[in-house]
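> Starting off with a structure, shown below.
The values are calculated or read from the model by the stated rules, or taken from the named source; none is laboratory data. It should be emphasised that the depicted structure is a prediction, and the values quoted were computed from it without experimental measurement. Positions of Cβ are generated from backbone atoms using ideal geometry, with glycine treated the same way; all protein chains shown enter the neighbour counts. Note: areas computed on protein heavy atoms with side chains; ligands, DNA, RNA excluded. Shrake-Rupley method; radii C 1.70, N 1.55, O 1.52, S 1.80 Å.
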Amino acid sequence: MDWREELRALLPHERFTVNATELDRHSRDESYHTPHAPDVVCFPETKEEVSRILRFANERRIPVVPFGVGSSLEGHTIPYRGGISLDMTRMNRILQVYPEDFLVRVEPGVTRTQLNKELKKYGLFFSVDPGADATLGGMAATNASGTTAVRYGVMRDQVKGLEVVLADGRIIRTGGSYVKSAAGYSLTGLFVGSEGTLGVFTELLLRVYGLPEAIVAARVSFPTVREAVATANSLMQAGIPIARVELLDAESIRQINREHESHYEEAPTLFLEFHGNEAGLAQDLRFAQELSAENRGGSFFFEKEEEARAKLWEARHHLAYSFIHGYPGRKMMLTDVALPLSELAGAVELARKLLDQYGIPGGVLGHIGDGNFHTVMMVDVEDGEEMKRAEEMHAHLTEYALDKGGTCTGEHGIGVGKIRYMRREHGEGVELMRAIKKAFDPENILNPGKIFPQEESGR
């Protein structure tokens, strides 16, 4: 009997499909990487179903690739070796909120917007905010970040515990609701950022925060990118408790104006947000304006009302889609590097220079408060010469970041797009990572072909 027919018997009919439309939807993510369809798509609703599927796949060495909403940017969820696409979106319950502990327990298919809507009833919020309305399981798998990481940290800082199904079907729990622990290895930290290569998350215990008493957003423009970056560094060095520090170059602002019919000054711009109490914020805002003026910053435009703030940050979060809509027929190649703050200005200037030099439409933006920035390249994937130039530019920027003590990815992850830089960045550490992978997944069924260069197993 064909293994697909055997697998079909493990799930209700409506949660197993070989429908061409569904196979195509699970063959791609938001990146430019070449799609590849799975053999089947499964939609589990319980940890027991996940366990049965993985045990079945492990016994037959069938690849399994976890899938959320497909918003990743380095080909993480593309099943290049076929097999099972494990769609986790039906496991989307918020299981319990613990207001006094500032914790929440959720299933992996819950999205960040869904969670924050529920948390608002308790005067709480979840801090990590990637541009897409991603699933929390996917965000943990890629150690997602976003605009608020400069104050609250990245996904790894928020995940306090996990329920994980291993490749052979065993179910384990890691971490817990305690504030700290010195009991053994941090398995939770190991799983977060593992990109579906070590296990499948079926529950997450997450840290949440009290809603600030007062929030003020602002934007301010500068003559050059260097002066904008210098201001961001000054804000950090001054110890102002700023929640968001986002840079957008002139082309990015131009794209926002086109897409959202706004009228922002088309110059390098910082989008800022301050969290605190009324008295403290007033002082922080005055100090921020003084620091900005020292770097020839223009007037601050403040947004205090929730609707106006939401509009500002919607424009920033949807900037990638603004570029996609602005260049129909092209695909988005989005670089993602992070550098020490002292090296950031030179890298951002280089990115803008390379876009112009290579003749590739795009923009530079990023979470510069924590040294992470992106370069959007809108490419014609059918134009071999242009793709070659784009790859050269991508490599140039990444090598520059590594030369300056940075990393090849600050938040997007490795997937398939950054594999070539793993050994350059980690050296012999790659072999230790590979040994961990083999210990957790000896048959190499979990998202094979991702993260590691030239897997010796060949599977």
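> Restricting the search to the range 150-159, which residues are open to solvent by 10 Å² or more (accessible area, probe 1.4 Å) and not β-branched (Val, Ile, Thr)?
Those that are open to solvent by 10 Å² or more (accessible area, probe 1.4 Å) and not β-branched (Val, Ile, Thr): Arg151, Tyr152, Gly153, Arg156, Asp157.
> Let me ask something else. Taking only the range 398-446 into account, find how many residues are touching a helix residue (DSSP H, G or I) at 6+ places or on another chain (Cβ under 9 Å), buried (at least 21 other Cβ atoms within 10 Å of the Cβ) and not basic (Lys, Arg).
14
> In the range 160-173, what residues are open to solvent by 10 Å² or more (accessible area, probe 1.4 Å) and closer than 21 Å to Pro99 by Cα?
Passing the criteria: only Lys160.
> Can you tell which of Gly193, Gly184, Gly189 is under 30 Å from Gly415 (Cβ atoms), at pLDDT 95 or above and either assigned to a loop (DSSP other than H, G, I, E, B) or aromatic (Phe, Trp, Tyr) (or both)? Give the derivation first.
Details: Gly184 fails: at pLDDT 95 or above; Gly189 fails: either assigned to a loop (DSSP other than H, G, I, E, B) or aromatic (Phe, Trp, Tyr) (or both).
Gly193 is the lone residue from the list that is under 30 Å from Gly415 (Cβ atoms), at pLDDT 95 or above and either assigned to a loop (DSSP other than H, G, I, E, B) or aromatic (Phe, Trp, Tyr) (or both).
> Can you go through Glu391, Glu349 and tell me which one is farther than 25 Å from Glu273 by Cα, of a type in the set (D, E, K, R) and open to solvent by 10 Å² or more (accessible area, probe 1.4 Å)?
Numbers: Glu349 fails: farther than 25 Å from Glu273 by Cα.
After ruling out the rest, the residue left standing is Glu391.
> Out of curiosity, is Ser252 surrounded by 14 or more Cβ atoms within 10 Å (Cβ to Cβ), at pLDDT 90 or above and over 25 Å from the mean Cα position of the chain (by Cα)? I'd like the intermediate steps shown before the answer.
On the way: surrounded by 14 or more Cβ atoms within 10 Å (Cβ to Cβ): yes; at pLDDT 90 or above: yes; over 25 Å from the mean Cα position of the chain (by Cα): no.
It is false that Ser252 is surrounded by 14 or more Cβ atoms within 10 Å (Cβ to Cβ), at pLDDT 90 or above and over 25 Å from the mean Cα position of the chain (by Cα).
> Considering the range 174-185 alone, what residues qualify as being closer than 22 Å to Leu103 by Cα and either open to solvent by less than 80 Å² (accessible area, probe 1.4 Å) or touching a residue at least 60 places away in the same chain (Cβ under 8 Å) (or both)?
Thr174, Gly175, Gly176, Ser177, Ser181
> With respect to Leu354, is the statement that it is outside any helix (DSSP H, G or I) and either open to solvent by 50 Å² or more (accessible area, probe 1.4 Å) or not basic (Lys, Arg) (or both) true? Give the derivation first.
Numbers: outside any helix (DSSP H, G or I): no; either open to solvent by 50 Å² or more (accessible area, probe 1.4 Å) or not basic (Lys, Arg) (or both): yes.
No, not satisfied.
> Same structure again: Keeping to the range 369-391, report how many residues are touching a Pro at 6+ places or on another chain (Cβ under 9 Å) and of a type in the set (A, V, I, L, M).
Within the range 369-391, the subset touching a Pro at 6+ places or on another chain (Cβ under 9 Å) is 371, 376-379.
When the remaining residues are screened for being of a type in the set (A, V, I, L, M), the result is 376-379.
Number of matching residues: 4.
> Check Val416 against each of (1) over 24 Å from Gly138 (Cα atoms); (2) out of contact with any strand residue (DSSP E or B) (no Cβ under 7 Å at 6 or more places or on another chain) and name the one condition it does not meet.
Going through the list (1) over 24 Å from Gly138 (Cα atoms); (2) out of contact with any strand residue (DSSP E or B) (no Cβ under 7 Å at 6 or more places or on another chain), Val416 breaks only (1).
> So which strands (runs of 3 or more DSSP E) are wholly in the range 79-149 and hold at least 1 residues that are surrounded by fewer than 16 Cβ atoms within 10 Å (Cβ to Cβ)?
Values: elements: 84-87, 94-98, 103-106.
Counting at least 1 such residues, we get 94-98.
> For the range 1-48: of the residues being among the small types (Gly, Ala, Ser) and open to solvent by 70 Å² or more (accessible area, probe 1.4 Å), which is modelled with the lowest pLDDT? Walk me through how you get there before you give the answer.
Within the range 1-48, the first condition is being among the small types (Gly, Ala, Ser), and the residues that meet it are 9, 20, 27, 31, 37.
Those still in the list that are open to solvent by 70 Å² or more (accessible area, probe 1.4 Å) too: 9, 20.
Details: Ala9: 92, Ala20: 97.
Going through the qualifying residues, I end up with Ala9.
> Quick one: count up the residues across the range 233-249 that are under 16 Å from Val220 (Cβ atoms) and either basic (Lys, Arg) or more than 22 Å from the chain's Cα centre (by Cα) (or both).
7
> I'd like the residue in the range 267-323 that is more than 28 Å from the chain's Cα centre (by Cα) and among the charged types (D, E, K, R) and, out of all such residues, is surrounded by the most Cβ atoms within 10 Å (Cβ to Cβ).
Ranking the qualifying residues of the range 267-323, first place goes to Asp284.
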